[in-house]
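Enquirer: Below is one structure. I have some questions about it.
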Amino acid sequence: MHTQAQALKLQSLVDEAIAFTPTLVLQVHNALDSAIKTRPQYQYLQAGWLKRRARFSPDFDDALRSLLEIARGGRDPLPRPPTASGTTASLSLIDERQALEDVGVAHVTSAVEEANRAELHQIGNYFAALHGIVRPVKTDNLLRPDVFAHALHRAVMGTDLDQEGRYAVMRLAADTMALELHRLYTLLGVRMQEARLADMVSSHAAGTRQPPPPVSVSSIRHTLGEAAQRVDEVNRASRQAAMDVPIITMRDLLRRLFVQILDDARLTPKLRELLSGLQPGLGHMVEHDPDLINSHHHPVWRVFNRIASHGSGYANIDDPDLLAFEAFLTRTLGPLHAKPELRHDDVVKLEQALDEYITEQALKRAQASSQVMEAMDREQNRDSYERLVREQLTAQLEEARAGKLLQRFLLGPWVRVITRAMVRDGREAPSVSRYVGTVDRLLSSLLPHNDEASRRMLRASLPQLVAELEGGMVSIEMSEEEREAVLKSLMVMHTRVLSGQQAQLDSPPQVDHRKLSSGEVLQHLVDEQESQLPSRWASSRIDRGHLPTVPVQLYQDSTAHQSAGEAREAWIQQMQVGDWYHLYIKGQWLSVQLAWVSESRQLFLVVGQDASVRHTITRGALEQLLISGLVTRLHEDELLERALGTVLQELEQLPPQ
């Protein structure tokens, strides 16, 4: 009976949202229509908007009602799509288009949340109580802002605008969405009070330990130097007061840091135990290594931050990968726990072992998708492969003074043959070498052969050469008629070589248009007489060292006066396999591990806390997320920063004596 009552209360709240839908749709439509028509900066949107504006309101209404009907049944309108663990089918490509869509949805969601913090807190507590959850989670709110933002996005997708235009419309609608949804959320609060749901919400909130609001590490940036300076100030004051013993020593400062680090809620119990075992050895280390207490970049703190960030990437303390990580640390840290004093070299070796383990573990997580990822990366580089192969062959053919017919074939179909092999099999694959070598063998076969031995060798090599050419043409699906035309033209050229003439005339030769099989073509060539003309071509081989390795030079060293683009490049350059990131993908915030990076750094594979969640992200998409603040690295000094914040507060409470 109680469950039925809760369902009725939920339905009544969703019914209020459904009843409010026409008002929301009308206000957003009118705001967009007015802005696009009257503001000069949106003139470029007019053609696409006016063409389909009549469909915008029905599409927005239908999309929102369909999501709210799902919520009315007590289900999440925006559930995560199911994935199959360890299969390539679970791979999802996040390119610039998808990233721009995510940024648009996130912009609207953020605007609504900023304008409705108090109202959303109350509604969130209601849904938490409804689901019996100790702490409210944003996704448990079935009427959360991103539900409305996704409905708006679906309507905007129906307009005749390009991706940039749709993104502009989403941004343009954000303020109106925030204003109108404030009216809705305020109304829902009133309805909850009228139905005496507020008592349930407040009683639930009273028994809930609310976490502290998140604080941006970059906004604090405490340094060990600040703490050391404060210690010096306190000690100087104590000496002036004729005290024999300083109030606090560097070892005591280290102890205070350890207390706060081991009290960090983001560390698992096992990680706390393992890190605490290093305290005695580091206590002796600080006596002869002042950088330990003066520099964030000391390997001790890099190790601590890396351990904390990697451990925090897992949602479940029973995750097999997390347990394996803790077992690795137990084996690695055990010998260091037994040392009465740690040395700098000990920590450097520990950092190296830690980095190697995390990288190896991340690559294992990526293994199921690595072949697909590598193929996708090569496919993205297809144009650059084709351009560079064509440039290389052009230079080779100019040096060999090849005729027009041969140039048309080698710079057309055969470039596609080599490029396809590179995309399909990899740049260093045997198939690529074979097709590149075919060019060498073809050019050599068309040189004059001045003695009986060389002509005999030419005749013997022609069947294999023709087979290679035909196999390459078949690989790019050239039609049978096109293949026959090429082989007949080559037959005429080889016939001329074997009869003592130039291989190719400036004008196309007359060929027999009867349909000949490959065997007939070869037999015809073998029966030709040898040529006694002197050689006029020199054979030239392709320089494989100039085939594409990194098609585009993407990154430069950042400077003190770096541009925004250089700053983004520097940030992306610092990404390394094994690191954990928090990013917004397809309308959801996810914690993911970077598991693979392409050689060109144009493609990135991230794996979620659930290893079945796999996303391929293009560099352009990553830049879009970075510009909009929708991706952040999880472990940039966070553990040490949090501990320092508390320690500095403690030190400030030690006034000069």
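The values are calculated or read from the model by the stated rules, or taken from the named source; none is laboratory data. Please read these numbers as outputs of a predicted model, since none were measured by experiment. FYI the Cβ positions are ideal-geometry reconstructions off the backbone, even for glycines, and counts take in every protein chain you see. Surface areas here come from the heavy atoms of the whole protein model, side chains and all, with no ligands, DNA or RNA. Shrake-Rupley method; radii C 1.70, N 1.55, O 1.52, S 1.80 Å.
Enquirer: Give segment 593-618 a look and list any residue that's open to solvent by 20 Å² or more (accessible area, probe 1.4 Å) and either within 23 Å of D383 (Cα to Cα) or among the basic types (K, R) (or both), or say none.
Expert: Scanning segment 593-618 gives W596, V597, E599, R601, Q602.
Enquirer: Would it be correct to say that E341 is without any contact (Cβ under 8 Å) to a residue 60 or more places away in the chain and either of a type outside the set (S, T, Y) or assigned to a helix (DSSP H, G or I) (or both)?
Expert: In short, no.
Enquirer: Would you check which residues across segment 245-300 are open to solvent by less than 40 Å² (accessible area, probe 1.4 Å) and either closer than 17 Å to T332 by Cα or touching a Phe, Trp or Tyr at 6+ places or on another chain (Cβ under 6 Å) (or both) and list them?
Expert: Listed by number, the residues that qualify are L271, L274, L275, G277, L278, G281, L282, P299, V300.
Enquirer: I'm trying to understand the selection: among the residues of segment 388-425, which are part of a loop (DSSP other than H, G, I, E, B) and exposed (fewer than 15 other Cβ atoms within 10 Å of the Cβ)?
Expert: Those that are part of a loop (DSSP other than H, G, I, E, B) and exposed (fewer than 15 other Cβ atoms within 10 Å of the Cβ): R401, G412.
Enquirer: Sticking with this structure for a sec: Restricting attention to segment 453-481, which residues are charged (D, E, K, R) and not in a helix (DSSP H, G or I)?
Expert: E477
Enquirer: In segment 225-241, what residues are at pLDDT below 70 and open to solvent by 80 Å² or more (accessible area, probe 1.4 Å)?
Expert: Result: R239, Q240.
Enquirer: For segment 273-314, how many residues meet the condition of being assigned to a loop (DSSP other than H, G, I, E, B), without any contact (Cβ under 8 Å) to a residue 60 or more places away in the chain and within 30 Å of D610 (Cα to Cα)?
Expert: 0
Enquirer: Among the candidates R75, R65, single out the residue that is modelled with pLDDT of 85 or more, open to solvent by 10 Å² or more (accessible area, probe 1.4 Å) and assigned to a loop (DSSP other than H, G, I, E, B).
Expert: R75
Enquirer: Restricting to segment 49-61, give me the number of residues that are among the acidic types (D, E) and over 12 Å from I18 (Cβ atoms).
Expert: Total satisfying the criteria: 1.
Enquirer: Would you be able to tell me the number of residues in segment 332-376 that are at pLDDT 80 or above and among the hydrophobic types (A, V, I, L, M, F, W, C)?
Expert: So the answer is 11.
Enquirer: For segment 34-48, name all the residues that are surrounded by 17 or more Cβ atoms within 10 Å (Cβ to Cβ) and closer than 15 Å to T176 by Cβ.
Expert: Result: A35, I36, Y42.
Per-residue answers, yes or no, for (1) more than 24 Å from A595 (Cα to Cα); (2) open to solvent by 20 Å² or more (accessible area, probe 1.4 Å); (3) in contact with a Ser or Thr (Cβ under 7 Å, 6 or more places away or on another chain):
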residue	(1), (2), (3)
D321	no, yes, no
K339	yes, yes, no
Q352	no, yes, no
D377	no, no, yes
D383	yes, yes, no
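Enquirer: For the subset of segment 447-467 comprising residues that are touching a Lys or Arg at 6+ places or on another chain (Cβ under 9 Å) and within 15 Å of M491 (Cβ to Cβ), which member is surrounded by the fewest Cβ atoms within 10 Å (Cβ to Cβ)? Walk me through it before giving the result.
Expert: Of all residues in segment 447-467, those touching a Lys or Arg at 6+ places or on another chain (Cβ under 9 Å) come to 447-449, 461, 464-465.
Remaining after also requiring within 15 Å of M491 (Cβ to Cβ): 461, 465.
Values: S461: 13, L465: 19.
Across segment 447-467, the extreme among qualifying residues is S461.
Enquirer: Then there is this: Find all pairs meeting these conditions: Cβ atoms under 7 angstrom apart; at least six residues apart or on different chains; first residue within segment 470-491 and closer than 21 Å to V423 by Cβ; second residue of a type in the set (K, R) and modelled with pLDDT of 85 or more.
Expert: Here the result reads E470/R483; M473/R483; S475/R420; I476/R416; I476/R420, each pair linking segment 470-491 to a residue that is of a type in the set (K, R) and modelled with pLDDT of 85 or more.
Enquirer: Filter segment 42-52 for residues that are closer than 15 Å to A168 by Cα and charged (D, E, K, R) and give the result.
Expert: Of everything in segment 42-52, nothing turns out to be closer than 15 Å to A168 by Cα and charged (D, E, K, R).
Yes/no matrix, rows are residues, columns are (1) assigned to a helix (DSSP H, G or I); (2) closer than 16 Å to L32 by Cβ; (3) hydrophobic (A, V, I, L, M, F, W, C):
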| position | (1), (2), (3) |
| --- | --- |
| L143 | no, no, yes |
| A151 | yes, yes, yes |
| V156 | yes, yes, yes |
| L161 | no, yes, yes |
| A168 | yes, yes, yes |
| A178 | yes, yes, yes |
| G189 | yes, no, no |
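Enquirer: Same structure again: For segment 487-501, check the following and say yes or no: at least one residue is at negative phi, open to solvent by 10 Å² or more (accessible area, probe 1.4 Å), of a type in the set (V, I, T) and in a loop (DSSP other than H, G, I, E, B).
Expert: Scanning segment 487-501 turns up no residue that is at negative phi, open to solvent by 10 Å² or more (accessible area, probe 1.4 Å), of a type in the set (V, I, T) and in a loop (DSSP other than H, G, I, E, B).
Enquirer: Oh, and also: Across segment 116-158, which residue is nearest to D15 (Cα to Cα) among those that are at pLDDT 85 or above and of a type in the set (D, E, K, R)?
Expert: R144
Enquirer: Do we have L329 as crowded, with 17+ Cβ neighbours inside 10 Å and modelled with pLDDT of 80 or more here?
Expert: Against the criterion (crowded, with 17+ Cβ neighbours inside 10 Å and modelled with pLDDT of 80 or more), L329 qualifies.
Enquirer: Looking at segment 645-654, is at least one residue out of contact with any Lys or Arg (no Cβ under 9 Å at 6 or more places or on another chain), buried (at least 22 other Cβ atoms within 10 Å of the Cβ), modelled with pLDDT under 80 and farther than 17 Å from E379 by Cα? Please lay out each step first, then the result.
Expert: Restricting attention to segment 645-654, the residues satisfying the condition of being out of contact with any Lys or Arg (no Cβ under 9 Å at 6 or more places or on another chain) are 645, 649, 653.
From the residues that got through so far, the ones that are buried (at least 22 other Cβ atoms within 10 Å of the Cβ) too are none.
Among the residues of segment 645-654, not one is out of contact with any Lys or Arg (no Cβ under 9 Å at 6 or more places or on another chain), buried (at least 22 other Cβ atoms within 10 Å of the Cβ), modelled with pLDDT under 80 and farther than 17 Å from E379 by Cα, which makes the answer no.
Enquirer: Looking at L32, L64, which is the one that is under 20 Å from V108 (Cβ atoms) and out of contact with any Ser or Thr (no Cβ under 6 Å at 6 or more places or on another chain)?
Expert: Selected residue: L32, the only one of L32, L64 that is under 20 Å from V108 (Cβ atoms) and out of contact with any Ser or Thr (no Cβ under 6 Å at 6 or more places or on another chain).
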